[in-house]
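Just so it is clear, none of the values below were taken in a lab; they were calculated from the coordinates. The shown structure was predicted, so the numbers you read here are calculated from the model rather than taken from an experiment. A quick note on method: Cβ atoms are made from the backbone with ideal geometry, for glycine too, and the neighbour counts reach across all protein chains shown.
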C-alpha cells in the first residue's frame, strides 16, 4: 500500500514513521511531480492550516489533490488537516478543500497553553491516547458524517465516506491504532 504524506509544513515525519512501522510504503508530497506516484491514501498532517492552504496553491498541489479527494481517495486529516477538509470554519470565511460537510472551530481550546493530553474512546478503534495541540474541534456536521469520538462533549473525530478528520495528533503518541484504522480504510477502497 502506497500512502502520500503532505510534507510542505507541519508534523509529517511522525505520520511517516507510524505508517512505515505498520508496513505501508510512504512517500512525501512536496511538489506537483510527487503526485505521479501511485497513491492508495493521503495524510494531511497537523501544522498551520493558513500556511498549508497557501502552499498548496503556490506549489500547484491544491487542484490535483482536491480532485482525488472528491473522487474518493482515502484521506486522514489531523488538526490542521481537518481544517483543510472542512466545508466551513466557525471563525473564518476562508476554506480549503471543503470536501467534508463539517464546520470546524480553529484553535478551539486556545493557544499553546490550552494544549492537553487525554485517553478516550474512538469508535472502531478503542481507547487511545489523544494529544490536542492548539487543536480545533467540529462544531457542526451533517447526518452523513459519522462521529467517532467526543471529548468533553466536543466532536474530535469524524468520518465522512473515505475522509477521516481528527482534531488531535495520533502521530505523536506510542499508539498506532488510528493509523491502522486509516490503512484499513485504504485497503477497503
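Quick notes on this one:
- If you run the Gaussian network model on the chain, springs between alpha carbon atoms under 10 Å, then out of 165, 81, 53 the most flexible one is 53.
- Exposure proxy ranking for 48, 153, based on other Cβ atoms within 10 angstrom of each Cβ and starting from the fewest, stands as 153, 48.
- Candidates 86, 32, 11, ranked by Gaussian network fluctuation over the chain, Cα under 10 Å, top entry: 32
- Full extension of the chain between residue 70 and residue 54 gives 3.8 nm of extra length, using 0.36 nm per residue less the Cα-Cα distance.
- Segment residue 36..residue 144, full-extension length gain: 35.7 nm, with 0.36 nm per residue of separation and the alpha-carbon distance subtracted.
- Gain in span if fully extended, residue 127 to residue 180, counting 0.36 nm per residue against the direct Cα distance: 17.7 nm
- Taking 158, 104 and counting other C-beta atoms within 10 Å, the order from fewest to most: 158, 104
- Each principal axis of the range 26-106 carries a Cα extent, and these read 35, 24, 19 Å when sorted largest first.
- Neighbour-count order for 15, 96, fewest beta carbons within 10 angstrom listed first: 96, 15
- Distance histogram for the chain (every C-alpha pair counted, 5 angstrom bins, percent rounded to whole numbers): 1, 8, 19, 23, 23, 16, 8, 2, 0
- Residue with peak Gaussian network fluctuation, the chain [Cα springs, cutoff 10 Å], from 149, 90, 80: 90
- Relative contact order %, the range 12-125, counting alpha carbon pairs below 8 Å whose residues are six or more apart: 19
- Note on the chain: helix-only mean residue ellipticity at 222 nm, from DSSP H runs of 4+ residues weighted -39500 (n - 2.57) and normalised by residue number, equals -7000 deg cm²/dmol.
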